[in-house]
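Working notes, structure below.
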Amino acid sequence: MKKFLIYSFVVLFVLTLIGGAGAIGVLWHFGKGLPDYAQLADYEPPTVTRVHAGDGRLLAEYAIEKRVFMPISAMPKRVINAFLAAEDKNFYSHYGIDLASIMRAAVQNLSKISQNRRPTGASTITQQVAKNFLLTNELSLTRKVKEAILAFRIERAFSKDRILELYMNEIYLGFGSYGVAAAALNYFDRALDELTIAEAAYLAALPKAPNNYHPVRFPEAAKIRRDWVISRMYEDGHISEAEAREALSEPLAIRQRAETEYARADYFAEDVRRELLARYGEKGLYKGGLSVRTTVDPKLQEVADRALRDGLIAYDRRHGWRGPLERWQVTKDWKPRLAALQPPAGAGLWQLALVFEVGAQEATVGLADGSSGKIPLAELAWAREPREEQRVGPAITKPSQVLAPGDVILVEAVQKAGDGKAYPAGTFALRQIPAVSGALVALDPHTGRVYALSGGYSFDMSQFNRATQAQRQPGSAFKPFVYMAGLDNGMTPSTLVLDAPIVLEQGPGLPKWRPGNYGNRFYGPSTLRLGIEKSRNLMTVRLALTVGMDKVAQQAEAFGIYDKLPLHISMALGAGETTPLKLTAAYAMLVNGGKFITPTLIDRIQDRHGRTIFRHDNRQCLDCAADSWAGQLVPHLPDTRQQIANPASAFQMVNMLQGVVERGTGASLRSLGKPLAGKTGTTNDSNDTWFVGFTPDLVVGVFVGFDTPRTLGRQETGSSVAVPIFKAFMAEVLDGRPAIPFRIPTGVRLVRVEADSGRVARAGERGVIMEAFKPGTEPYARSAVIGADIGVDAGGQVDDDDDDAAPGIAVTPTVRTGTPPSTAQQPVATGVGGLY
């Protein structure tokens, strides 16, 4: 007996050694080359990047997997217990694998194999983490062994809570839900802490096969699986019997997620997306879980979009009807054909209609819903025949000049005629998507925060952002920065500059350059103020030649309009190219006293953990961290903006630009009744039209032009195209707000001067304005005329009878050939430039 015991012990020992060696061999064989589980320590699941408007509303979301990351510490116990009951009740006690569950599954699978049924799994949550993060979904013994090995390693390396956090945020639960937080929203429109026991149990029932327990396609199977989880929660002691009965009686009701309220700013949001992509790459944008607070004001953005659209439509209607979308034969099946026709991009709320009949005073149309309506002649009057150079044909006197039966058109329901009289029900107006486009930018001149940015008529039509991507000639809208060079170099608003014909040599073999004023009229010596207010080209050229194009270029580059301005004299008339955003920001630096700002669409960016990783305002405020106020002084934030221009010169320019609104090319804005300043711009052939204007605290830039530059029409200017858009925007934005005067910096004296001549006014004199001067530069004596010796051409005519001419000053034009001495070092290139 003793020998038998010894023999048995030896055999058992040998078998143990063999088994141990075998196990070590298996572990070595399958353990080599396994993925590095240490990467889980730094693992952050892909989460949604959310972009918010300035008022906190959601603007856009960017993600590959719409996951909401939830730290384990923030997850309700009810939800955690539901998943533990369903997936791994011994999670907090095993070491990666659950031997009891494995043995139980093995017994169950003996019968399932004989029935060709899928075997029951016994994977722990740790094993599922190993599979989901490090392995594949392959059904094989090899993968299960690797899974077990990795589970042991993961358990040694990480806490149970970290493993559970990875699992709860990674699993796919159907309905496009990655992680339990996203699933709670998508299935029940609730946060995790709002879920009932029954709802938490249903989510815990999904990891194995979410499609098999789809609440709509397979409601019975879904409820059976949910009730099984509830019973497991009761058996494991997570809920009471009463709670279990209540949960089991609760119907499985899915609540559609409430529609998220998005702020609408398509061009703005797309520019933000491009900036985030440039900063953080695709991974950071689509997987990084960033929280982005932007500068856009949704109310101002809505006004901007509407003002730009209405302005483009108004311009388009002035230049005729380009014809129907399609022409059909009117047949019995017109209704389904019209319903199947896709409206063109940019149609918005306008409806497709088919013309049935054209009468003497109206046209009859049918709509896709089967209803019909009338288009009166008054709503067709704009649709004149388009001709070359944006001209139009004769007036419309009958509908047949515009429409014919079978025309497929766009219409809009209207209630009132232009004279205010009510139309009968079923009255429509003919509509046309504009071929022209444009941009509007509104920003804070003190911080550069962009409140609104509209980059075109319709984002659906074109994602090209004309506010930030279109390089266009500013024309006369650039002139203030030429005049700034003069003001910074000893001139005043009352300095006289000759307004007379000029001819300049361009070099051997090139024709002479003869710029001109709008209307080819000339006014003799005129003040700088009049030159800006009336947008005089010839004065601007002489001014640039006098101060030097190098100084003009310094101003343009300091204000951020151009990176490098060529030293060609035509650049003084805005022949260079820039974007509406850059030009608008440059005007902002005038009104803020000559301080440099960087326009921005983003206030702050936070990472998934709430850490701020970008902030537009980088000023440090050490005293802002106080927990409470105890009578201490209000914290002072330093002004770190670079001073790029003399504040007095900047105010002089702002004051002169007020004159543009009060007496010049922007005079139609006077009716708004608020302190406003700005400048129109129109390039040669009226290819580009501009108006950039401002109040003390808001700067708005408007650009209108065709994407492929061509004339807008001989009679179209910045005053007729861009100013009405600016006016519509400002009328709504400034309504009900107080009239705030422009702020006067120190070092400026306001002197009463005669508006036309610029000389100090006498008592009782009319036509007097308050002019801004630096101390010691007041015009008590008559000043010399700038540019009287530069390139005067005898072919022009000086108009001394016009109301805008400087009175009492006679000018005798002189002929001068060759380039004047002041331009000897400056090429006079043939660019196109501003007109008015």
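The values are calculated or read from the model by the stated rules, or taken from the named source; none is laboratory data. If you're wondering where the values come from, they're calculated on a predicted model, not measured in any experiment. So basically every Cβ, Gly included, is an ideal-geometry build from the backbone, and we count neighbours across all protein chains shown. All accessible areas refer to the heavy atoms of the entire protein, side chains included, with ligands and DNA or RNA removed. Shrake-Rupley method; radii C 1.70, N 1.55, O 1.52, S 1.80 Å.
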Q) What per residue convex hull volume, in Å³, comes out for the stretch 368-482 when only alpha-carbon positions are used? A) 224
Q: Take the Cβ-Cβ distance between TRP328 and GLN415 as r, set R0 to 22 Å, and report the resulting FRET efficiency rounded to the nearest 0.05.
A: 0.15
Q. Mind checking Rg over Rh on the stretch 483-622, alpha carbons, Kirkwood formula for Rh?
A. 1.13
(Q) Quick one: 3J(HN,Hα) in Hz for the stretch 468-474, Karplus 6.51/-1.76/1.60 with θ = phi - 60°, rounded, Gly and Pro as x. (A) 10, 10, 7, 9, 10, 6, x
Q: Hey, can you grab everything whose amide H is under 5 Å from the amide H of ARG449? Only 5+ residues off in sequence or another chain; H modelled, so Pro and N-termini drop out.
A: ASP444, THR600
Q: Would you check the accessible area of ILE254, probe 1.4 Å, heavy atoms only, in square angstrom rounded to 10?
A: 60
(Q) Given the whole protein assembly as supplied and a 1.4 Å probe, what does the accessible area of HIS609 come to in Å², nearest 10? (A) 100
Q. Which of the chymotrypsin sites (Phe, Trp or Tyr not before Pro) across the stretch 566-633 are loop residues per DSSP, with 10 or fewer other Cβ within 10 Å?
A. TRP629
Q: Report the extension gain between ALA74 and ASP236 in nm, rounded to one decimal, defined as 0.36 nm multiplied by the number of residues separating them, less their alpha carbon distance.
A: 56.1 nm
Q: Would you please classify the overall shape of the stretch 582-651 from the alpha carbon gyration tensor, given that a ≥ b ≥ c denote the square roots of the eigenvalues, rounded means a/c under 1.5, and beyond that prolate means a/b larger than b/c while oblate covers the rest?
A: oblate
Q.
Can you work out the Karplus-derived ³J(HN,Hα) for every residue in the stretch 367-375? Use 6.51 cos²θ - 1.76 cosθ + 1.60 with θ = phi - 60°, whole Hz, and x for glycine or proline.
A. 10, 5, 7, x, 7, 10, x, 10, 10
Q | All aspartates and glutamates inside 19 Å of LYS223 as judged from Cα atoms, apart from same-chain residues fewer than 8 positions distant | A | GLU87, ASP189, GLU199, GLU235, GLU241, GLU243, GLU246, GLU250
Q: Would you kindly work out the equivalent ellipsoid of the stretch 179-266 from its C-alpha gyration tensor and give its semi-axes, the square roots of five times the eigenvalues, largest first in whole Å?
A: 27, 15, 11
(Q) Using a 1.4 angstrom probe on the protein heavy atoms only, could you order GLU246, GLU61 from most to least accessible area? (A) GLU246, GLU61
(Q) With a cap of 14 neighbouring Cβ atoms within 10 Å, and only residues DSSP puts in a loop, list the trypsin sites (Lys or Arg not before Pro) found in the stretch 267-371. (A) ARG322, LYS332
**Q.** Part-to-part distance (alpha-carbon centres) for the stretch 585-663 and the stretch 168-223, which is given in Å
**A.** 48
Q: List the residues whose amide H sits under 5 Å from the amide H of GLY288, counting only those 5 or more places along or on another chain, with H placed 1.01 Å from N in the peptide plane.
A: THR47
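Over all pairs of distinct alpha carbons, what does the Kirkwood formula give as the hydrodynamic radius of the stretch 300-404, in Å?
15.5
Among residues other than LYS374 whose Cβ falls under 11 Å from its Cβ, what is the net charge (Lys/Arg +1, Asp/Glu -1)?
Working: positive: none; negative: GLU357, GLU362, GLU379.
Here the count lands on -3.
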Q: Pop a pseudo-label 7 angstrom from the Cα along the beta-carbon direction at both CYS624 and LEU248 and give the gap in nm to one decimal.
A: 5.8
Q: Step through the residues of the stretch 625-641 one at a time and calculate ³J(HN,Hα) from phi using the Karplus curve (6.51 cos²θ - 1.76 cosθ + 1.60, θ = phi - 60°), rounding each to whole Hz and writing x for Gly and Pro.
A: 8, 5, 6, 8, 8, 10, x, 6, 5, 4, x, 9, 9, x, 8, 9, 5
